[in-house]
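Colleague: The structure follows.
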Amino acid sequence: MKADKKHTIKVKIKSSFWVFIALAVLFKQGFFALNYAIAVLLHELAHYVVASRLFYHCQEIQVSIFGAVLYGDFQDVTPKDRIKIALAGPLCNVALCVICLALWWAFPVTYSYFESFFTANVGMACVNMLPCYPLDGGRVLCGALESKLGNNALSLTKKLTMALSLALFCLFAYSLFAGANLFSLGLFSVCLFSGTLVSGKECYVKTSFAHNRAKLLKKGMEKKTLVFDKDNSLRDVAKRMQGNYLYCLEIVDADMEVIRRYSVAGLEQLVLCNPLDTPLAELI
């Protein structure tokens, strides 16, 4: 992999999405389904744009009957970055709602054309901000707890999600006896609970600065040297590569004598092209 290769996101449409569209058309809800699909895709693209600005890249966006998800294979997302990226999607939906309201105020005749799009974005924003994993609100909660609980933050967030999903399912079960039959609430609670059982991959992969460096150098960049001993792993180094900085690496011995130096470009290649559990001792 070349360090200066610009990353492009892939969009994969799964077969279940076409089943969703077919059912929507069958029940004469095709126009709403189309607006919902657009709202979902813009929601995930907002995640992607913010992730790119924070120098993460993602493997692909998968669109299915349950919505769209941004996929990757890197788990060392910093708490602050996790919160910023998670909030990007719901905030995009809120912004689209504001645009619809402004459009209706200026041109009332457009109301019937954008009503479904407005409803879809309101639903996306409200549902995704619930403090439940793997929804965006759950990721925000997880990021907020990480500074105090570390790796236990995700476990606690999942337990809270399970508790809420069980409570919602109990409410659905009660509705059956009360004559309300809140089927959609029951379905949502089951999907929410199943989401906590899936050991999903993190969405964001820390990437090279190479394709952004020319733009950043115009504003000026700060260079930092990371110093580790040979007993650390490449994962420890990657965790420290945060923010808009240029990083180089020095591997030292017990007497703080430099054993091996890596330049900015060399360190980028090291992180991108090697397993993150690689011991630094193997790179000397």
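The values are calculated or read from the model by the stated rules, or taken from the named source; none is laboratory data. Model, not experiment: these values are computed from the prediction. These accessible areas exclude ligands, DNA and RNA; they are computed on the full protein's heavy atoms, side chains included. Shrake-Rupley method; radii C 1.70, N 1.55, O 1.52, S 1.80 Å.
Colleague: Skipping prolines and chain starts, which residues have an amide H placed within reach, meaning under 5 Å, of the one on L130, given they are 5 or more residues away or on another chain?
Modeller: Here the answer is G137, since their amide H atoms fall under 5 Å of that of L130.
Colleague: Name the residues whose placed amide hydrogens come within less than 5 Å of the amide hydrogen of K230, ignoring near sequence neighbours (fewer than 5 apart) on the same chain.
Modeller: Correct list: V252.
Colleague: Once you've got the Cα coordinates, tell me which of K148/K239; K84/K239; K14/K159; K80/K158 are over 21 Å apart. All intermediate terms of the calculation are to be shown ahead of the outcome.
Modeller: Numbers: K148/K239 17 Å; K84/K239 17 Å; K14/K159 29 Å; K80/K158 19 Å.
Cα-Cα > 21 Å for K14/K159; rest within.
Colleague: Another question, if that's okay. Roughly how many Å² of L185 are accessible to a 1.4 Å probe, to the nearest 10?
Modeller: The value for L185 is about 40 Å².
Colleague: Whole-Hz ³J(HN,Hα) for each residue in the stretch 123-129, computed from phi via Karplus 6.51 cos²θ - 1.76 cosθ + 1.60 with θ = phi - 60°, x for glycine and proline: what do you get?
Modeller: x, 4, 5, 5, 5, 6, 8
Colleague: Quick one: accessible surface of E268, probe radius 1.4 Å, all protein chains present, in square angstrom to the nearest 10.
Modeller: 10
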